[in-house]
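What follows is a short report on a single structure.
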Amino acid sequence: MTVIYHSRDVRAFGFTIARCLILAGLVCGSWVGLSRQALAQAALAEPLSPKLPDGRQRAFPTAEGFGAGSLGGRGGKVIYVVNTDESGQGSLRACIEASGPRICIFRTGGTIVLRERSLVVRHPFLTIAGETAPGGGIAIRNGETQTRPSIEIVTNDVIIRHIRLRPGPHAVKACCSGGLGMYSSSAKDIMLDHISASWGSDETIDSEDASNFTWQWGITSEPLLRGGPGKDKRARNMLFTKGGNVSVHHSLFAFGQFRNPLIKMKIPGAVADVVNNVFFSPKWQYVLSFGDEWARIQANVVGNYKIAGEKLRNDHLVHLFEESGRGHAIYLKDNYDEPYRTGASEDDTLVLAEKQRRFVSVSAFDAPAIRASAPEIAYEDVLAGAGATKPRRDAVDRRITEAVRNRSGRLLVNDPQDVGGWPQLDAGVPYPDSDMDGISDDWEVESGTDPADASDGRQDLDGDGWTNLEAFLHFMAGDTAD
């Protein structure tokens, strides 16, 4: 049933404990007694407010966590991505490297292959609207000699939604080849939503010094055991270091034996909020882990679901690396951890090895509220809805989610071709957009805007704080039925 775990923020959602009881028909926190449908409906009983408690506009209707206030390209220019070329006019790179607020609208599906260099976001206020891609959607992969993350973010206020990152192995020695990285203290207020990422040679997703960001409703899967020269015995999904204030929620971590994620913050007082994720691997070196190398760790670990695998070192849901003596404080609530904690009435601390239970905090740390459910419901929701689902899931994500349900498969050594390789994504046919404001003509007619007037995309017809173009993007992403 529905649980709003961060009680300090309950009123921001319009929920009260009484309302939760009425909706669910039983005590909040129980894992049994209602159908999955009823539980899921209770979890989303009310939409989120367009405004965050601090008065900022929410990035989009389903944005939650520390990155929920990202401005992205709101009110900026629309730039069409009309091809899958690595660079040049009409490419994704041309949109990313432009300056000023901007929104990348895709007029084609397909895979962008980066053979020369990564896509670096240096200028702030960017939205990459992968939900607009027709056909099979948009994906990005690396060539064998492109040894950096496919996308690097070194600035603030970036929103990326519904893209697929499939970097693959490299043929030359490399440090950090992967799908996406956020680097420098300027990388903040970032929202990463419904991204599918796999086949990184070190970590598929990583950050260094970034803060105030959210990874939500994503799939991170099949990091390579041997991604290339110098990369051996890896299979690591996600690493966040040296920054602070990160939310990771409603995401699937699959076939990574380590770093799912590993979080090591540096900013004093920062919080890691890890809520309603699903973890599966046939082998566990470590699952979710934290390290106190640079600062004392404060984290909430709530409502997550971990499936048992072969124990290599420590296969508890949570592992703490005691590196500096600065220490950890971990709030634990309602996690499902095979085989250690599988019942709602069992001690929450069982998801930690006994010798590390001294680090448990009795109260949650302050973080932006996230609508959360019991772990068995999160399991169903994440497998059904995480990753790049617009316009549809690709073959990789379908295979991964099915393997999680069946508890089948093994770690991927080096070659994505061993599991079917990179899917062929259709280019598709883009929606009609006569005035090139990024909004489909049909939606404009239905909504009362003018398909021949490009200026109305920046207006706010219903006064909710989101532009008309943003409202259309919300519709394309499935946030709203408007």
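The values are calculated or read from the model by the stated rules, or taken from the named source; none is laboratory data. Keep in mind that this is a model prediction, so the values were computed, not measured. Cβ: placed from backbone, ideal geometry, glycine included. Neighbour counts: every protein chain shown. The area values use the complete protein model at the heavy-atom level, side chains included, leaving out ligands, DNA and RNA. Shrake-Rupley method; radii C 1.70, N 1.55, O 1.52, S 1.80 Å.
Projecting the Cα atoms of T84, G178, F66 onto the dipole axis of the chain, where Lys and Arg carry +1 and Asp and Glu carry -1 at the beta carbon, places G178 farthest toward the positive end.
For semi-axes √(5λ) of the Cα gyration tensor in Å, the value computed from the atomic coordinates appears in the list [x] 33, 28, 20; [y] 33, 31, 21; [z] 37, 29, 19 under label [x]. A Cβ-based charge dipole, computed about the Cα centre of the stretch 262-374 with Lys and Arg at +1 and Asp and Glu at -1, lands at about 200 debye.
When each of the peptides 330-340, 79-89 is scored by how many other beta carbons lie within 10 Å of its residues on average, the order from highest to lowest is 330-340, 79-89.
A dipole drawn for the chain from +1 and -1 charges on Cβ atoms has a positive end, and of A295, Y379, Q459 the residue lying farthest that way is A295. From the alpha carbon centroid of the stretch 295-324 to that of the stretch 393-465 is 33 Å.
Which shape class applies to the stretch 124-207: rounded if a/c is under 1.5, otherwise prolate when a/b exceeds b/c and oblate if not, where a ≥ b ≥ c are the square roots of the Cα gyration tensor eigenvalues? Since a/c reaches 1.5 but b/c is at least a/b, the shape of the stretch 124-207 is classed as oblate.
Residue-wise HN-Hα couplings along the stretch 443-452, as the Karplus relation 6.51 cos²θ - 1.76 cosθ + 1.60 with θ = phi - 60° gives them from phi, are 5, 4, 4, 5, 8, x, 9, 9, x, 10 Hz; Gly and Pro carry x. Based on the Cβ-Cβ distance from F321 to E446, what FRET efficiency comes out when R0 is 30 Å, to the nearest 0.05? My answer for the efficiency is 0.05. For S70, the residues whose modelled amide H falls within less than 5 Å of its own, excluding neighbours fewer than 5 places apart on the same chain, are A59. Charging the Cβ of each Asp and Glu at -1 and of each Lys and Arg at +1, and nothing else, the dipole of the stretch 47-86 about its Cα centre rounds to 300 debye.
Less than 5 angstrom separates the built amide H of W199 from those of S221, L224, all sequence-distant by 5 or more or on a different chain. Taking a ≥ b ≥ c as the square roots of the eigenvalues of the Cα gyration tensor, an a/c ratio of 1.5 or more together with a/b no larger than b/c marks the stretch 193-275 as oblate.
Pairs exceeding a 32 Å alpha-carbon distance, out of K173/K283; K188/K306; K51/K266; K306/K390; K188/K333; K51/K355: K51/K355. Averaged over its residues, the chain has an accessible area of 36 Å² per residue, based on protein heavy atoms and a 1.4 Å probe. The fraction of accessible area contributed by carbon and sulfur in the chain is 49 percent, rounded to a whole number (1.4 Å probe; ligands and nucleic acids excluded). On full extension, the segment bounded by S185 and T480 gains 102.8 nm, given 0.36 nm per residue less the C-alpha separation. Of the residues P416, S447, P391, the one whose Cα sits farthest towards the positive end of the charge dipole of the stretch 365-452 is P416 (charges of +1 on Lys and Arg Cβ, -1 on Asp and Glu Cβ, taken about the Cα centre). Bridge orientation summary for the chain: considering DSSP beta bridges with both residues in this region, about 5 percent are antiparallel.
With the simple spin-label model, which puts each label point 7 Å out from Cα in the Cβ direction, the R115 to E293 separation comes to 3.6 nm.
If R0 equals 35 Å, the separation of the Cβ atoms of C175 and Q459 corresponds to a calculated FRET efficiency of about 0.15. Where in the stretch 93-123 is the amide nitrogen less than 18 Å from a point lying 7 Å along the Cα-to-Cβ axis of S87? Of the residues in the stretch 93-123, 93-99, 112-123 have backbone N under 18 Å from the label point off S87.
Simple spin-label estimate for D232 and R122 gives 3.8 nm between the two label positions (7 Å along the Cα-to-Cβ direction from each Cα). Under 5 Å between amide H atoms, partner at least 5 residues away or on a different chain: which partners does E208 have, H built in plane at 1.01 Å? So E208 has HN proximity to M182, Y183, S184, T241.
Note on the stretch 57-188: with charges restricted to the Cβ of Lys and Arg (+1) and Asp and Glu (-1), its dipole about the Cα centre is near 60 debye.
Going by the alpha-carbon gyration tensor, a ≥ b ≥ c the square roots of its eigenvalues, is the stretch 226-339 rounded (a/c under 1.5) or, if a/c is not under 1.5, prolate (a/b greater than b/c) versus oblate? Verdict is oblate for the stretch 226-339.
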